[in-house]
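First the structure, in the form of structure tokens, and then the observations on it.
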Amino acid sequence: MRTFLFVFALLFLLVPARNSFFDEKCFKFRGRCVNSCLKNEELVALCQKSLKCCLTRQPCLKSKDD
């Protein structure tokens, strides 16, 4: 019974990690294929299965002169 509970807890905790690990990658492995992009992402290409390739936007860097 302990073994079953341990395996169940282990699988329950690894589900979120598994989802991000197995996401389909695109745009030279920097983007990810999803149904819709988040607020901080931009659409850069199209994937198979009618998915969008989203890439996280890079923040603007301020120069030292400002």
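Structure values in brief
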{"read-out": "Förster-model FRET efficiency, 22 Å R0, Thr56 and Lys28, C-beta, rounded to 0.05", "value": "0.95"}
{"read-out": "Simple label model, 7 Å out from Cα along Cβ direction - Ala45 to Arg2, nm", "value": "5.0"}
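Values in this text are rule-based calculations from the coordinates and carry no lab data. Because the structure is a prediction, the values reported are computed rather than measured. Counting neighbours? That spans all protein chains shown, and the Cβs are built from the backbone with ideal geometry, glycine included.
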